[in-house]
Amino acid sequence: MVNEHHLQFLASREYAQMLEADLLPWVEAQGDLGDDVLEIGPGPGLTTDLLRRRVARLTAVEVDPSLAGPLRDRLNGTNVEVLCADATQAGLDPARFSAVTCFSVLHHIPTARSQDLLFAEIHRVLRDGGTFLGSDSRDLDAIRTAHEGDTFLPVDPETLADRLGVAGFVDTQADIGDHSLRFVSRKVRA
């Protein structure tokens, strides 16, 4: 659940500029995402717009029908397929994706168990050697206040690598910034 003020920010020009200046260089520094990428929780699609210009095929899974429908309509005829589904139960093929991204989504998942189910599902749909990368908000008073009326359960940066390890991921690297956490992890190459 996302409050209206937060949703407006996620669709704003200011957020788009932040993504372009801050998130995009970090994503590009992680290397080639490959040919078939999954994006979890695109919301209004600003991150989708950044990704779709850099990959051959992008699947975006959005749980909120009021966001998924307009995004699907806007990106119809492009290299993006938008699915309205819970990402833990979207019925995606195993070992399909070269990379999975998840930007500013994890804290909107209501329980740690649900987050862990998502990690396990991401591992299942990633190819061997595939990359899982994402960013999320830190648990700070100002950020918590901005999420009033939202689901807000930030991931603890201290336990993230262990939680991803339980799902099967290796080589997790996390960068803790002033307001956010960025992470990259890999599925073992068979």
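So, in the stretch 89-113, exactly how many residues are in contact (Cβ under 8 Å) with a residue 40 or more places away in the chain and among the small types (Gly, Ala, Ser)? Don't jump to the end; show me each part of the working.
First, the residues of the stretch 89-113 that are in contact (Cβ under 8 Å) with a residue 40 or more places away in the chain: 92, 96-112.
Going one step further and asking which of them are among the small types (Gly, Ala, Ser), we end up with 98-99, 104, 112.
Residues that pass the stated criteria total 4.
When you go through 69, 130, 91, 77 one by one, which is the residue that is of a type outside the set (A, V, I, L, M) and within 17 Å of residue 168 (Cβ to Cβ)? Before the answer, list the steps.
Numbers: 69 fails: within 17 Å of residue 168 (Cβ to Cβ); 91 fails: within 17 Å of residue 168 (Cβ to Cβ); 77 fails: within 17 Å of residue 168 (Cβ to Cβ).
None of the other options fit; the residue is 130.
Looking at the stretch 132-155, can you tell me whether even one residue there is of a type in the set (Ser, Thr, Tyr), within 28 Å of residue 94 (Cβ to Cβ) and in contact with a Lys or Arg (Cβ under 7 Å, 6 or more places away or on another chain)?
yes
All but one of (1) surrounded by 13 or more Cβ atoms within 10 Å (Cβ to Cβ); (2) part of a helix (DSSP H, G or I); (3) not aromatic (Phe, Trp, Tyr) hold for residue 113, so report the exception by its number.
The failed condition is (1).
Give the residue, chosen from 150, 139, 116, 175, that is in contact with a strand residue (DSSP E or B) (Cβ under 9 Å, 6 or more places away or on another chain) and either touching a residue at least 12 places away in the same chain (Cβ under 8 Å) or more than 21 Å from residue 10 (Cα to Cα) (or both).
Values: 150 fails: in contact with a strand residue (DSSP E or B) (Cβ under 9 Å, 6 or more places away or on another chain); 139 fails: in contact with a strand residue (DSSP E or B) (Cβ under 9 Å, 6 or more places away or on another chain); 116 fails: in contact with a strand residue (DSSP E or B) (Cβ under 9 Å, 6 or more places away or on another chain).
Only one candidate passes the filter, namely 175.
For the subset of the stretch 34-86 comprising residues that are among the hydroxyl-bearing types (Ser, Thr, Tyr) and buried (at least 19 other Cβ atoms within 10 Å of the Cβ), which member is nearest to residue 3 (Cα to Cα)? Give the steps one after another, and end with the answer.
Kept after step one, since they are among the hydroxyl-bearing types (Ser, Thr, Tyr), are these residues of the stretch 34-86: 47-48, 59, 66, 78.
Now drop any that are not buried (at least 19 other Cβ atoms within 10 Å of the Cβ), which leaves 47-48, 59.
Details: 47: 19, 48: 21, 59: 25 Å.
Residue satisfying both the conditions and the ranking: 47.
Output the residues belonging to the stretch 87-107 that are of a type in the set (Ser, Thr, Tyr) and within 14 Å of the chain's Cα centre (by Cα). Break it down stepwise before answering.
Initially, the stretch 87-107 is screened for residues of a type in the set (Ser, Thr, Tyr), giving 88, 98, 101, 104.
Within the stretch 87-107, 88, 101, 104 meet the criteria.
Quick one: in the stretch 141-166, of everything that is in contact with a Phe, Trp or Tyr (Cβ under 9 Å, 6 or more places away or on another chain) and surrounded by fewer than 19 Cβ atoms within 10 Å (Cβ to Cβ), which residue is farthest from residue 107 (Cα to Cα)?
In the first step, residues of the stretch 141-166 are kept if they are in contact with a Phe, Trp or Tyr (Cβ under 9 Å, 6 or more places away or on another chain); the result is 143-144, 146, 155, 157, 160-161, 163-164, 166.
Next, only the ones that are surrounded by fewer than 19 Cβ atoms within 10 Å (Cβ to Cβ) stay: 143-144, 146, 157, 161, 163, 166.
On the way: 143: 11, 144: 10, 146: 13, 157: 12, 161: 16, 163: 15, 166: 19 Å.
That would be 166.
Based on this model, can you work out whether residue 93 counts as modelled with pLDDT of 95 or more, outside any strand (DSSP E or B) and surrounded by fewer than 14 Cβ atoms within 10 Å (Cβ to Cβ)? Steps first, please.
On the way: modelled with pLDDT of 95 or more: yes; outside any strand (DSSP E or B): yes; surrounded by fewer than 14 Cβ atoms within 10 Å (Cβ to Cβ): yes.
Answer is yes for this residue.
Can we say residue 123 is surrounded by 15 or more Cβ atoms within 10 Å (Cβ to Cβ) and either in contact with a Gly (Cβ under 8 Å, 6 or more places away or on another chain) or small (Gly, Ala, Ser) (or both)?
On the way: surrounded by 15 or more Cβ atoms within 10 Å (Cβ to Cβ): yes; either in contact with a Gly (Cβ under 8 Å, 6 or more places away or on another chain) or small (Gly, Ala, Ser) (or both): yes.
The answer is yes for residue 123.
Let me spell it out: the conditions are (1) polar (S, T, N, Q); (2) in a loop (DSSP other than H, G, I, E, B); (3) within 15 Å of the chain's Cα centre (by Cα), and residue 135 meets all of them except one. Which number is the exception?
The number of the failed condition is (2).
Just the residues that are part of a helix (DSSP H, G or I) and more than 16 Å from the chain's Cα centre (by Cα), please, taken from the stretch 138-160.
Filtering the stretch 138-160 for residues part of a helix (DSSP H, G or I) gives 141-146, 160.
Answer for the stretch 138-160, where residues must be part of a helix (DSSP H, G or I) and more than 16 Å from the chain's Cα centre (by Cα): 141, 142, 143, 144, 145, 146.
The values are calculated or read from the model by the stated rules, or taken from the named source; none is laboratory data. Model, not experiment: these values are computed from the prediction. Neighbour counts are summed over all protein chains in view; Cβ atoms, including those assigned to glycine, are modelled from backbone coordinates with ideal geometry.
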